[in-house]
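Remarks on the structure that follows.
The values are calculated or read from the model by the stated rules, or taken from the named source; none is laboratory data. Keep in mind that this is a model prediction, so the values were computed, not measured. Virtual Cβ from ideal backbone geometry, glycine too; neighbours counted across all protein chains shown. Please note that ligands, DNA and RNA were not included when accessible areas were found on the heavy atoms of the full protein model with its side chains. Shrake-Rupley method; radii C 1.70, N 1.55, O 1.52, S 1.80 Å.
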Amino acid sequence: MTMEADSRSLAGEAPIAAELASNQKAMTEAFSNSADLIVQRWRFGALPGQEVLAVYLDTLVDSKLIARLQEQEAFQHLLLHRIAEYEDRDEVERAPSRPMPDEAPLWQAGTIVGTIRASVGAVLDGKTVIFLQHQTRAFTFDTMDVEQRHTSEPITEPSVQGPQRSMIEDLERNIGMLRNLLKSPRLRFDYRIAGKESRRKIAFGYLEGAVQPDILEAFLCRVKGIEQEEIVDTSYLEACVGGDRTTPFPQVRYTERPDTAVLALLDGKIIALVHGSPTVLICPVHFLEFFTSSEDYYCRPVFSSLIRMLRMAGFLIAFMLPSSYIALSAFHSELVPTVLLLAILKSREGIPFPALLEALIMEFFFELLREAGLRLPRPVGSAVSIVGALVIGQAAIQSQIASPVMVIVVALTGIASFAFPQYNMAIAVRLLRFPLMLLAATFGGLGIMTGLLLVYLHLSSLRSLGQPYLSPLAPLQSGRLRRMFLSIAGPRQAKASSAPKGGRGGR
């Protein structure tokens, strides 16, 4: 750190001076060459020499509110509230956000600060800081006016039935939506400010009495010291609360639906929200929860249960279909019906690559098309993906680079991977599919069984905030396992904190 930076740091801790010129110099140095910093001196009152210093960022404030602050009656009203009662500077530093006792709507947002550092933070929060001559404190007023996205339909979690409202990038409005859906005095939110530069506001929420004390304690232990981290999005919190960072399997869930977050709170989960991010982090989680969707509880139980089992079948197809085809065609052809075997052998005539290399080539191009479709503009992304898949698939068959059966296998694998409600679980399946293909090409069915056993052992060793990741499979809890496979809709009750370790899971 240079001497200049060090002096600025020390100046930030300095108290507010009684002279406006000193405060103006300190605030200007704190923001250095910021073009949107506005520093103005306003005169008010009948006596000469009565002036104040207003500091704000023009890109964060509402010009109409600034005009109201310049009214003469406003500052006369300000001084009538006995500024002398705040003479104790220790009190100011202990409570730098003490509200002003005013009945007017604009002045209700007024707070008092006693240091330059607190003044700089208020300006960065979109407030206007007003320094008074011969006063060692400043007043801040909420004049923030930043364009916000309006609530819209969920993009990553669309549903046919149920609420059609998603979170936005404003933390306070997101918490307001949650409190509007869950009107309980036991709903708790803990606020933190993370990052020295970003100063991003974070909220951790839970339902007192529903969350298990050991889970809450483990969560608070992991987020200890998060104030020192630069948190930009909710996904940044996964590194703190997600546990094992080497596993490809996600240990937290994300949602942009308020109803899903409320169901998680009722189920004894902990949620995390970050200002500027429309997603909510949910923890702890279990493996089978990644196959559930909020829409499951808005449909009839028979239909939603079938859909849930279809997603689980899609997981097996996306994970095992290419490796199973490689093992059957290269090692276990006697297990394939004769007619089907002859059709596969006929389709592979003239293919210069073994089944493994053929599958890797087709999987590579399919993943490339999928990634390109995500990055392209939305109006043309889907069209390019569909046309590209058709053209490349047909060209690969005609040029005898891949067989028609392999194209079908890769296409079915890709379609099955889109059936997961949670995108981060689909990424884990896409990643683990390739080692399983290598094992199948090397050892056949034995390699597939070995790979599945290794994955199962790995899942059994994972913990999410101390809870078994494979619960209710391991340890086995037949009642919860039945509710995971058979979706039962109807009224819900908040899970009591005395429930068995691991929680109910699966909602």
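Brief remarks follow.
- Per-peptide average of other Cβ atoms within 10 Å, ordering 14-26, 279-291 highest first: 279-291, 14-26
- Rolling a 1.4 Å probe over the protein heavy atoms gives region 171-285 an accessible area of 40 Å² per residue.
- Distance histogram in 5 Å bins (all Cα pairs of region 171-285, percent per bin): 2, 12, 24, 26, 21, 11, 3, 0
- Per residue, in Å², the accessible surface of region 297-476 once ligands and nucleic acids are set aside, probe 1.4 Å: 53 Å²
- The Leu376 and Leu476 beta-carbon pair, evaluated with R₀ = 30 Å, returns a calculated FRET efficiency of approximately 0.05.
- Oblate is the label for region 297-476. Its Cα gyration tensor axes, ordered a ≥ b ≥ c, give a/c of at least 1.5 and b/c at or above a/b.
- When all protein chains stay in place and ligands, DNA and RNA are ignored, the 1.4 Å accessible-area order of Asp267, Asp233, largest first, is Asp233, Asp267.
- For Arg173 and Ser152, a Förster radius of 22 Å and the Cβ-Cβ distance give a FRET efficiency of 0.95, rounded to the nearest 0.05.
- Across the cross-link table entries Lys201/Lys269; Lys127/Lys201; Lys183/Lys224, which are compared at the Cα atoms, the separations over 27 Å belong to Lys183/Lys224.
- Here the extension length gained between Gln400 and Leu452 equals 15.5 nm, from 0.36 nm per residue of separation less the Cα-Cα distance.
- Accessible surface of region 171-285, 1.4 Å probe: 52 percent of it comes from carbon and sulfur atoms.
- For region 289-356, a simple Cβ point-charge model (Lys and Arg +1, Asp and Glu -1, everything else neutral) yields a dipole of about 120 debye relative to the Cα centre.
- Cβ crowding within 10 Å averaged over residues, with 199-209, 322-332 ranked highest first: 322-332, 199-209
- For Arg186, distant residues with modelled amide H under 5 Å away: none
- When the solvent-accessible area of region 340-449 is split by element, carbon and sulfur atoms take up 78 percent of it, the probe being 1.4 Å.
- Segment Glu367-Leu220, extension gain: residue separation times 0.36 nm, minus the distance between their alpha carbons: 49.1 nm
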